[in-house]
Amino acid sequence: MAIPRIPPIRRFFQPQIPQVFRPTVTSFLAKTVGRWNLEAPAVGLTAVAYWARFSRWCSTHPIPGAATGSGKCRDWLYRSVIEQEALNQRPITYLEFGVYRGESLRLWLAGISRPDSRFVGFDTFTGLPERWRPTEPAGHFNANGTTPDIKDPRCSFEVGLFQDTLPNFVGQTDLSGRLVVNLDADMFTSTLFVLTTLAPHLKFGDLIFFDEFSCPLDEFRAFEEFVRSFRVRYKLIGAVYGYTRVCIKIG
């Protein structure tokens, strides 16, 4: 005897309204539910949904031997990937988004000895352009407009919003070599802009680091939207602190 198939639960939350009725339904909702500002509870529900998506992603992308503690952190992840991917054997172009005082940038400059590798830091250096979280409002991470005091001639800075500096940089820069992108942009909008702008230049073997990947509504969400929109194939090659920081390899 055949067992009746249970409809997926999402059908109850995504009803398929016939096209002919949609204008009526839209008008009705605008005059009723639309009169109340339900943005806060809606964002709360979205957060729950993305935590579920993030948890599932972590479960389906295990990393053998990945650090979840034991003192292993960001610099360990950088060193591990540099060695694993032999990043000192050929020149790389390293792009960091969200520099602040330059701690990560200094780690990469120390870890890569090739004189023909290039390092570029992107930041406003005046703090976040918009609110990220209640503890990080607009202006947080303000370096008073001052770039880090780094003397290495391989390093330069693009000062301003990513939306203002990155398109011009991409248009004038040869990105055909191996790219290493370090995203510490924190916010969904900034992260998604960087990923979509760099999308035509990302190729097999390029690396993308995320510094706040376990923020499901921001860096993880931006990455997921990017992957779906551009049909990107990738694999996870490193993670620490319960997937807070990860390294993605294109291809």
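The values are calculated or read from the model by the stated rules, or taken from the named source; none is laboratory data. Since the structure is predicted, the reported quantities are computational estimates derived from the model, not experimental observations. So basically every Cβ, Gly included, is an ideal-geometry build from the backbone, and we count neighbours across all protein chains shown.
Considering 208, 237, which residue is surrounded by 23 or more Cβ atoms within 10 Å (Cβ to Cβ), assigned to a strand (DSSP E or B) and hydrophobic (A, V, I, L, M, F, W, C)?
None of the others qualify; the one that does is 208.
Here is a list of conditions, (1) among the polar types (S, T, N, Q); (2) under 22 Å from residue 116 (Cα atoms); (3) under 10 Å from the mean Cα position of the chain (by Cα); (4) surrounded by fewer than 17 Cβ atoms within 10 Å (Cβ to Cβ), and residue 156 meets all of them except one; can you say which number that is?
Of everything listed in (1) among the polar types (S, T, N, Q); (2) under 22 Å from residue 116 (Cα atoms); (3) under 10 Å from the mean Cα position of the chain (by Cα); (4) surrounded by fewer than 17 Cβ atoms within 10 Å (Cβ to Cβ), residue 156 misses just condition (3).
Could you go through region 123-140 and let me know if any residue there is aromatic (Phe, Trp, Tyr) and at pLDDT below 95.
Yes.
For residue 158, only one of the following conditions fails: (1) out of contact with any Asp or Glu (no Cβ under 9 Å at 6 or more places or on another chain); (2) within 16 Å of residue 120 (Cβ to Cβ); (3) of a type in the set (Asp, Glu). What is its number?
Evaluating residue 158 over (1) out of contact with any Asp or Glu (no Cβ under 9 Å at 6 or more places or on another chain); (2) within 16 Å of residue 120 (Cβ to Cβ); (3) of a type in the set (Asp, Glu) leaves (1) as the failure.
Keeping to region 172-201, report how many residues are in a helix (DSSP H, G or I) and surrounded by fewer than 21 Cβ atoms within 10 Å (Cβ to Cβ).
Summing the residues that are in a helix (DSSP H, G or I) and surrounded by fewer than 21 Cβ atoms within 10 Å (Cβ to Cβ) in region 172-201 gives 11.
Mind counting the residues in region 84-110 that are more than 14 Å from residue 148 (Cα to Cα), charged (D, E, K, R) and either in contact with a Leu (Cβ under 8 Å, 6 or more places away or on another chain) or not assigned by TED's automatic domain parsing to the domain that holds residue 239 (or both)?
Final tally of qualifying residues: 1.
Can you confirm whether region 113-122 contains a residue that is part of a helix (DSSP H, G or I), of a type in the set (A, V, I, L, M, F, W, C), assigned by TED's automatic domain parsing to the domain that holds residue 102 and closer than 28 Å to residue 90 by Cα?
No: zero hits.
Considering 242, 251, which residue is over 21 Å from residue 85 (Cα atoms), surrounded by fewer than 15 Cβ atoms within 10 Å (Cβ to Cβ), more than 13 Å from the chain's Cα centre (by Cα) and not basic (Lys, Arg)?
242
Which numbered condition in (1) of a type outside the set (D, E, K, R); (2) farther than 29 Å from residue 189 by Cα; (3) part of a loop (DSSP other than H, G, I, E, B) is the only one that residue 100 fails?
Unmet for residue 100, out of (1) of a type outside the set (D, E, K, R); (2) farther than 29 Å from residue 189 by Cα; (3) part of a loop (DSSP other than H, G, I, E, B): (2).
I'd like the residue in region 49-83 that is at pLDDT below 85 and in contact with a Leu (Cβ under 8 Å, 6 or more places away or on another chain) and, out of all such residues, is nearest to residue 113 (Cα to Cα).
Step by step, filter region 49-83, then rank; the result is 67.
State which residue is surrounded by the fewest Cβ atoms within 10 Å (Cβ to Cβ) when the search covers only region 97-140 and only residues that are touching a residue at least 24 places away in the same chain (Cβ under 8 Å) and small (Gly, Ala, Ser).
Among those residues, the one meeting the criterion is 113.
Among the candidates 226, 188, 169, which residue alone is touching a strand residue (DSSP E or B) at 6+ places or on another chain (Cβ under 8 Å), aromatic (Phe, Trp, Tyr) and closer than 30 Å to residue 142 by Cβ?
Sole residue among the options that is touching a strand residue (DSSP E or B) at 6+ places or on another chain (Cβ under 8 Å), aromatic (Phe, Trp, Tyr) and closer than 30 Å to residue 142 by Cβ: 169.
Does residue 227 satisfy the criteria of being assigned by TED's automatic domain parsing to the domain that holds residue 105 and in contact with a helix residue (DSSP H, G or I) (Cβ under 7 Å, 6 or more places away or on another chain)?
no
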